[in-house]
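Chemist: Structure below; questions to follow.
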Amino acid sequence: MKTIGKKVKDIKLIVLLLLSFNFYGQTSIMTYNIRFNNPNDNVNWWKNRKEEVAGMIKYYHPDILGIQEGLNDQVNDLYNNLPNYSYTGVGRDDGKEKGEYAAIFYNSDKFELINTKTYWLSSTPNKVSVGWDASMERITTYGVFRNLKTNDTLHVFNCHYDHIGKMAQQKSSELIVSLIRQKDLEKRMVIVMGDLNSTPKEKAIQSLKTVLEDSFEITKHPIYGPVGTFNTFDIDFIPEKRIDYIFTKNLVVENYRNIDDRRKNNLWLSDHLPVFIEVMK
C-alpha cells in the first residue's frame, strides 16, 4: 500500500510540474495595429471599437502585446480596460505623449519590465527625428522583460515602419539588426514585431531574416486564419497582404494565428488583424 501511495504522489507531482511548465514555459505574443483615433472613420471610429478591441485582447490574453498607431488616449483606454497589464512606450512626436505610440503591454503577473528605450527609425535614433525617405517620425520601443517564475529574460522590439518610404523601411530593418548586434542579443531570446508596411519578399523583411526567423514560416502547427493582415476595414475583403509580423530568435514557435475575429456588428476590430503566436524556449 505504501508503494502505491508513493506512486500516486509521484504522479501528482509530475502532473503539477507539467502544468507549471506549460503555464510558465510557454509565452504568448501579439502584435496589433489598432488604427489611430480618427473621427473620420465613422462607424470604425475608435470610440465605437475600443471596448470590443479590449475584449478581444482579454480573450486571447497575450503575455506580451505590441500595439501600433495608438494615441495617448487610446493607450490609456487599453491600460484602464486591461486588468493586470502594464505598458512601456512614448509618443513618437516628442518622446513623451504626443503622436502615435508603439507601446508594449505586458502581463504584470508573469513579467516585469527591467529596461526600456525608444529609438527613432532614422540615422539619429536617440532623438526625435524623421528617417531617410519616411513621411513622418517612426519608432521602435525596446523592452527587456524578466519572467517572474523562470527568471528568463525576453528582449522585445515593437516597431512601426513608414508606409511610404522604401528606403526607410529597409534602413529601419538594418537599424534593428544593428541594435540586436550592439546589445549582443544573438544568443538571447528576442522578439521583433510590428506593422512593418512591407510584404515578405521586400528587402526590409529579408534584412530582418539575416538574424531572425519569421514565426509564420517556422510554426510547428498549421497556421490558423487568413494569410494576410491588412483588411482596409472592408467587411467583404479577405486579407491577403501580410505586412504585420512577429520575428523570433532562439525561441520555438508552437502556434501562429492571424486573428480575423470581428465586432458584434460584423465590422472589423481594426484595419489590421492581430498576429498571435505561442512560443517556448
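The values are calculated or read from the model by the stated rules, or taken from the named source; none is laboratory data. What you see is a predicted model; the values in this text were computed from it and never measured. Quick reminder, even Gly has a Cβ in these numbers, built from the backbone with ideal geometry, and neighbours come from all protein chains shown.
Chemist: If the requirement is being among the hydroxyl-bearing types (Ser, Thr, Tyr) and in contact with an Asp or Glu (Cβ under 9 Å, 6 or more places away or on another chain), which of these qualifies: SER173, SER135? It would help to see each step written out before you state the result.
Modeler: Numbers: SER173 fails: in contact with an Asp or Glu (Cβ under 9 Å, 6 or more places away or on another chain).
Testing whether each residue is among the hydroxyl-bearing types (Ser, Thr, Tyr) and in contact with an Asp or Glu (Cβ under 9 Å, 6 or more places away or on another chain) leaves just SER135.
Chemist: Looking at region 88-108, which of the residues that are closer than 16 Å to LEU154 by Cβ and either out of contact with any helix residue (DSSP H, G or I) (no Cβ under 9 Å at 6 or more places or on another chain) or at pLDDT below 95 (or both) is surrounded by the most Cβ atoms within 10 Å (Cβ to Cβ)?
Modeler: The selected residue is ILE104.
Chemist: I'm told TRP120 meets every condition in (1) touching a helix residue (DSSP H, G or I) at 6+ places or on another chain (Cβ under 8 Å); (2) crowded, with 20+ Cβ neighbours inside 10 Å except one. Can you identify the failing condition by its number?
Modeler: (1)
Chemist: What are the residues in region 76-106 that are charged (D, E, K, R) and more than 25 Å from ARG146 (Cα to Cα), if any?
Modeler: Once the filter is applied, which keeps residues that are charged (D, E, K, R) and more than 25 Å from ARG146 (Cα to Cα), region 76-106 yields ASP77, ARG92, ASP93, ASP94, GLU97, LYS98, GLU100.
Chemist: Considering ILE67, ILE4, which residue is modelled with pLDDT of 95 or more, of a type in the set (A, V, I, L, M) and more than 17 Å from ASP109 (Cβ to Cβ)?
Modeler: ILE67
Chemist: Hey, another quick one. Read through the list (1) in contact with a His (Cβ under 7 Å, 6 or more places away or on another chain); (2) surrounded by fewer than 17 Cβ atoms within 10 Å (Cβ to Cβ), then give the number of the only condition that ASN33 fails.
Modeler: Of everything listed in (1) in contact with a His (Cβ under 7 Å, 6 or more places away or on another chain); (2) surrounded by fewer than 17 Cβ atoms within 10 Å (Cβ to Cβ), ASN33 misses just condition (2).
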